[in-house]
Amino acid sequence: MRQVVVIAGPICAGKTTLAHKLADENGGRVLDRDEIARAMGSPRKWLHSRAYSRQAEHVMRLELDQIAKAREGIVYVVRSLPVAAQRAALVDRLRAELILLDPGRDECIRRARADRRPPGSVPAIHRWYARYLPGTEEQEPEEHFATSRDW
């Protein structure tokens, strides 16, 4: 069986939380750049140093290449991807489904503050929304937008 799901959205949208929830329910693995950076030794949970970010992105791209070629496996890919063309290109390349999480700028900022995210998180949320182009993707049913996490 092969199932690849790209989960896209801004910081604090709940992408990683949803990916882990789906992986727990359906099996499979989560591919998330923050988790890769932490596995490489980054002391930060988010907004890693430039060196860790570059290394993690390199590993992420290698993993995406493998996923694109794979005939089997269940993978939940966590990416930001504010631009519709970026989302479409990755979904096509991976032969994946897309879940776009967009709880809204104010809610993402509220979550960032509640979660005590690093100071660069709120500006990153603003940058994501400044570039955000919804495109024509159909939204998943509402229950896919809920996360198991208490904000």
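The values are calculated or read from the model by the stated rules, or taken from the named source; none is laboratory data. Keep in mind the model is a prediction, meaning the values are calculated, not measured. A quick note on method: Cβ atoms are made from the backbone with ideal geometry, for glycine too, and the neighbour counts reach across all protein chains shown. These area figures cover heavy atoms from the full protein model, side chains too; ligands, DNA and RNA do not enter into them. Shrake-Rupley method; radii C 1.70, N 1.55, O 1.52, S 1.80 Å.
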Test of understanding: among 54, 93, 2, 50, which residue is open to solvent by 40 Å² or more (accessible area, probe 1.4 Å) and in contact with a strand residue (DSSP E or B) (Cβ under 8 Å, 6 or more places away or on another chain)?
2
Condition first: touching a residue at least 60 places away in the same chain (Cβ under 8 Å) and of a type in the set (D, E, K, R). Now tell me which residues in segment 92-106 satisfy that.
95, 97, 102, 105
Examine segment 76-91 for a residue that is in contact (Cβ under 8 Å) with a residue 24 or more places away in the chain, in contact with a Pro (Cβ under 9 Å, 6 or more places away or on another chain) and either aliphatic (A, V, I, L, M) or farther than 15 Å from residue 35 by Cα (or both), and state whether such a residue exists.
yes
Filtering segment 17-33 down to residues that are buried (at least 20 other Cβ atoms within 10 Å of the Cβ) and in a helix (DSSP H, G or I) yields 18, 19, 33
Going through segment 34-53 in order, the residues found to be touching a Phe, Trp or Tyr at 6+ places or on another chain (Cβ under 8 Å) and part of a loop (DSSP other than H, G, I, E, B) are 40, 41, 42, 44
